[in-house]
Amino acid sequence: MRVLLLYPEFPVTFWSFKHALKFIRKKASLPPLGLLTVASMLPSLWEKRLVDTNVRALTDQDLAWADVVFVSAMIAQRQSAHELIGRCRAAGKTIVAGGPLFIAEHGQFPAVDHFVLNEAEVTLPEFLGDFERGSARRVYASSEFPDIRRTPAPMWELADLRRYASMSLQFSRGCPFDCEFCNITAMFGHRPRTKTAAQIIAELDGLHRAGWRGQVFFVDDNFIGNKRYLREELLPALIAWQKGRRRFAFFTEASINLADDPELMRLMVEAGFDTVFIGIETPADAGLAECNKRQNAGRDMIADVKRMQRAGLQVQGGFIVGFDSDTPTIFQRQVEFIQKSGIVTAMVGMLNAIPETKLYDRLKREGRLLGQMTGDNADGTTNFIPRMDVEKLREGYKEIMRRIYAPGPYYKRVRTFLREYRAPKVSFTLNWRYLMAFAHSSVRLGVFGSERFHYWGLLAWTFFRRPAHFQLAVTLAIYGHHFRKTFEAMGV
């Protein structure tokens, strides 16, 4: 059996970094971790080929080679998924689909032969058994949460690692919190399940053998869900693994209560973590209460952010407008919070209702749903009727984005962050990718860009005031270019 593992293209979004990737001649931020892991679960005698259309096109030769096509996708990849599935159907291929898009919308894809939904550790073996007997059903689903200590390592050898800016791996699934708008607990449960430290080290060894020496994203939705295991097992193992080799830089996602644990932050930084994404959502107490974001309530979140920055963790943040309790003052409050906190990478989105969430169910009961969400939580759209006038909400959202990503406020926010940030103690190495990015940005941003005075001002300030952060300053300048180009294309 010859299996084509097919990953649809992402549109240009906040997190695609497509405008930034051009500076380092990379095609995509991350490889399709789910498909690479599924590949390891397929029979060893099956031939496997990965086509990630974010890094190369699907060819007729690929389709002619394949006996069966496995497709996985996020909601933001919906349009590309429809197009690719149409090509596969026209070529007469058997199509198997799984992943978040199909969990939410498998009824919208009549051309797919089989859906293997939820966690593949449970549903894939049953499908494979039926498939080999010629009796496979159309839908395989389960509410069971498997033990991921048995999950195999991804098949990195299927991916052309040179095309990606970062690699990814997963340590845990599940989150102890219960935010109304989030579908993580619906998919993965409240009790965090973890891989063993030995599994993670084996995955890193695999990446290292494959030649990878760049960033690695721990894709956990809440990396600190099991603090005890982190402190006692995983982080000490990562610290030991990093010794004697050029250190990998890790980044991940966590809840804001990380700021309450100086020892955990110290261990994370020593292990190689330098960036963490935090769901801030809103500075308004009423909004936090409404969405059950209890872990954020009653806190000085700006002080929390600065504690993490001083510990050596760059904080990226998620923000939301469009809660029922929001008033027109929320737009100014969001801007002030983002600027004061020094959260350079601030993803602000209008609230959307994801299927299978408590928010979705509530809005459905209230008759306020409008249809499908786009899956791009920073494109200025929503899929329900908000309490605030929708045009006022949309214009307020656009005003936030115009203000925080205009060159002046953006570069000011970079300096606010760099004043607080304690650079990790790692040896600074000049590599070709950094030199290329610096050279390209010096021309594109420093000569032709509308931000050229801000760009050179930041680099001069950093060189004299925070020289250890110079490479990071260049990177953040390039990020700003991507964010501005992305929002300009959306008419912001």
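The values are calculated or read from the model by the stated rules, or taken from the named source; none is laboratory data. From a predicted model like this one, the values you see are computed outputs, not experimental measurements. Glycine gets a Cβ as well: all are built from the backbone with ideal geometry, and neighbour counts include every protein chain shown.
Quick look at the numbers
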read-out: Filter result for Ala311 (touching a residue at least 12 places away in the same chain (Cβ under 8 Å), crowded, with 19+ Cβ neighbours inside 10 Å and within 30 Å of Leu117 (Cα to Cα)); value: no
read-out: Failed condition for Phe470, given (1) in contact with an Asp or Glu (Cβ under 9 Å, 6 or more places away or on another chain); (2) over 30 Å from Asp379 (Cβ atoms); (3) among the hydrophobic types (A, V, I, L, M, F, W, C); value: (1)
read-out: Flag if Arg402 is in a helix (DSSP H, G or I), modelled with pLDDT of 95 or more and buried (at least 16 other Cβ atoms within 10 Å of the Cβ); value: no
read-out: Yes/no for Gly86 being touching a strand residue (DSSP E or B) at 6+ places or on another chain (Cβ under 8 Å) and among the small types (Gly, Ala, Ser); value: no
read-out: Residues being β-branched (Val, Ile, Thr) and touching a residue at least 60 places away in the same chain (Cβ under 8 Å) - total across the stretch 179-226; value: 1
read-out: Meets criteria (loosely packed, with under 15 Cβ neighbours inside 10 Å and either in contact with an Asp or Glu (Cβ under 8 Å, 6 or more places away or on another chain) or assigned by TED's automatic domain parsing to the domain that holds Gly214 (or both)) for Arg137; value: yes
read-out: Those helices (runs of 4 or more DSSP H) lying entirely in the stretch 5-121 with at least 2 residues in contact (Cβ under 8 Å) with a residue 60 or more places away in the chain and crowded, with 16+ Cβ neighbours inside 10 Å; value: 18-21, 33-41, 78-90, 100-105
read-out: Residues of the stretch 184-202 classified as touching a Ser or Thr at 6+ places or on another chain (Cβ under 7 Å) and surrounded by fewer than 20 Cβ atoms within 10 Å (Cβ to Cβ), total; value: 2
read-out: Residue match in the stretch 148-161 (condition: among the acidic types (Asp, Glu), assigned to a loop (DSSP other than H, G, I, E, B), in the same structural domain as Met41 (by TED's automatic domain parsing) and under 21 Å from Gln77 (Cα atoms)); value: no
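Per-residue answers, yes or no, for (1) over 26 Å from Gln334 (Cα atoms); (2) aliphatic (A, V, I, L, M); (3) at pLDDT below 95; (4) crowded, with 21+ Cβ neighbours inside 10 Å:
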| residue | (1), (2), (3), (4) |
| --- | --- |
| Ala259 | no, yes, no, yes |
| Pro262 | yes, no, no, no |
| Leu267 | yes, yes, no, no |
| Phe273 | yes, no, no, yes |
| Val276 | no, yes, no, yes |
| Gly279 | no, no, no, yes |
